[in-house]
Amino acid sequence: MTLKTVSLLRDLDLYSKDVILSTCSVLKVFYKGDYLFDVENANIFITRRDFFDYHLANRAVEEGARLIEGTSVTGIKETSSGVKVFTGKNVTLPARVVVGADGVYSIVARSLGKRWRREDLSISAISLLSLEDFGGNACGLYFGVVDYGYGWAFPVESSGCLFNVGCGTPLKYSKSLLRAFRRFTRYLGASQHDVYVHLLPTPPRFRRGSFGRGRILLVGDAAGLVDPWLGEGIYYAVKSAFHASRAVLDNLDEGTVIGAYQQLLEEDILPDLKYAYIFRRIFYSKMPEILGLIGRFNRLRRAFTKLLNGELRYRDLAKYYISSNGVISLH
Ligand SMILES: Cc1cc2nc3c(=O)[nH]c(=O)nc-3n(C[C@H](O)[C@H](O)[C@H](O)COP(=O)(O)OP(=O)(O)OC[C@H]3O[C@@H](n4cnc5c(N)ncnc54)[C@H](O)[C@@H]3O)c2cc1C
């Protein structure tokens, strides 16, 4: 998680240092196997999803939520007064409102007729690998190992050499992903390993769309709210869930929940995501040149740090004007 995400969790009283396995302060950036530059003060917090998700579930229970385990939602149906939630144990739960936080394969989204197209999805291959330590609290970001995506190596323990290694690319390149991943892990010096694959919604272009209907709201991956360049999704999942809860609390009686939620997303999340999509398109169309400039100019590396730390938004990057002869100025 970036500092941007951790700061949000702190603001919402959802942060626990107990779920943080290690932190990285330096991001080492590579392109096609060559080391390019360090991004200092990167503040990457490494967690394990089972620890983190368990902590969030416990926090919800502490606040009065009822956690039902050992079953899953199989479908939902809108009624005149609310929503029916069907579960795997043939139990139907009545609800006044449903927030679908059920990830990229969301049953809630599908029950609204929303399905991802193949081109809307990215696929990642990941492994836990023993690697030689980078030294100095560092982790690695590797561009040029897959098409229109990147590879990463994050240490999952503060001492030792166990790393979460992965790479992600649009689903249309999935045929070459495993080959690229094997090549990447060989380059990192790792031997045979188990590989897991995951999907992430990162459509080719920004789409405003709708994020629910009536008394049904979608948050996080189910809504497609993910940083399309970095693939950072926890921030947007938490932020959109916060806005969904505000919309529900303030508007349930009037029955205008979806309108209020959509409005909050329009004000807060969507404008910056739009710029993130624009940035991704520009970045991948000129990747070697842009990486070269970031390596050359301290100021651009600091902008990278600020982006990760949440002190700069994608829309602010438009202020960094880089002319063809490499001169950087601020509008
Ligand atoms: C390989 C990979 C690496 C990533 N790395 C990062 C990273 O470093 N930092 C970052 O910020 N983001 C990262 N992301 C993105 C991030 O994981 C997601 O954007 C984020 O988890 C979205 O949260 P969510 O709650 O919307 O969905 P999820 O985290 O997918 O959670 C959905 C939950 O719903 C449950 N569920 C699903 N269907 C049902 C059902 N029918 N009934 C009941 N429960 C159900 C699931 O079990 C799950 O617990 C990564 C994604 C991938 C694929």
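Each reported figure results from applying straightforward, stated rules to the coordinates on display, with no laboratory input. Worth saying up front: this structure is predicted, and the values here are computed from it rather than measured. When we count neighbours, we look across all protein chains shown, and the Cβ atoms used for this are built from the backbone with ideal geometry, even at glycine.
Below are the figures for this structure:
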read-out	value
For the chain, calculated [θ]222 nm from helices alone, where every DSSP H run of n ≥ 4 adds -39500 (n - 2.57)	-11000 deg cm²/dmol
Computed E for R299/D13 - FRET, C-beta separation, R0 41 angstrom, nearest 0.05	0.70
All-pairs Cα distance distribution in region 10-56, expressed in whole percent, bin size 10 Å	23, 36, 26, 14, 0
Near-label residues of region 193-213 by backbone N, under 18 Å of a point 7 Å along Cα→Cβ of Q263	210-213
Restraint check, K32/K239; K175/K239; K172/K274, Cα-Cα greater than 27 Å	K32/K239; K175/K239
Amide hydrogen neighbours beyond the local backbone of G75, cut-off 5 Å, H modeled	F86
Derived scalar couplings ³J(HN,Hα) [region 280-290; Karplus, 6.51 cos²θ - 1.76 cosθ + 1.60; whole Hz; x for Gly, Pro]	4, 4, 5, 4, 6, 7, 9, 4, x, 5, 5
Reach of K89 by Cα under 21 Å, taken over lysines that are not fewer than 8 positions away in the same chain	K77
At 0.890 mPa s and 25 °C, Stokes D of the chain from Kirkwood alpha-carbon radius, µm² per second	115 µm²/s
Under 5 Å, built H, 5+ apart or other chain: amide partners of L121	L171, T202
Partnerless cysteines, meaning none of the other Cys C-beta atoms lie under 4.7 Å away, in the chain	C161, C167
In sequence order, calculated HN-Hα J values of region 47-62 (Karplus, 6.51, -1.76, 1.60; Hz; x Gly/Pro)	10, 10, 4, 5, 5, 5, 5, 5, 4, 5, 4, 5, 5, 5, 5, 4
Projected label distance in nm at I68 and Y320, using a 7 Å step from Cα toward the beta-carbon	4.8 nm
Contact order normalised by residue count of region 76-127, Cα under 8 Å, 6+ apart, percent	22 percent
Positive-pole candidate from L217, F184, Y196, dipole of region 138-291, charges at beta carbon	F184
Extension gain from H193 to R213, taking 0.36 nm per residue of separation minus the Cα-Cα distance	2.9 nm
Y150 long-range amide H proximity, modeled H, under 5 Å	G168
About the Cα centre, charge dipole magnitude for region 113-184 (Lys/Arg +1, Asp/Glu -1 at Cβ), debye	620 debye
Per-residue HN-Hα couplings for region 313-320 [Karplus 6.51, -1.76, 1.60; θ = phi - 60°; Hz; x = Gly/Pro]	9, 4, 5, 6, 5, 4, 6, 8
Charge dipole magnitude, Cβ of K and R +1, D and E -1 - the chain, Cα centre, debye nearest 20	1220 debye
Dipole of region 1-154, positive end: most advanced residue of C24, T71, A57 [Cβ charges, Cα centre]	T71
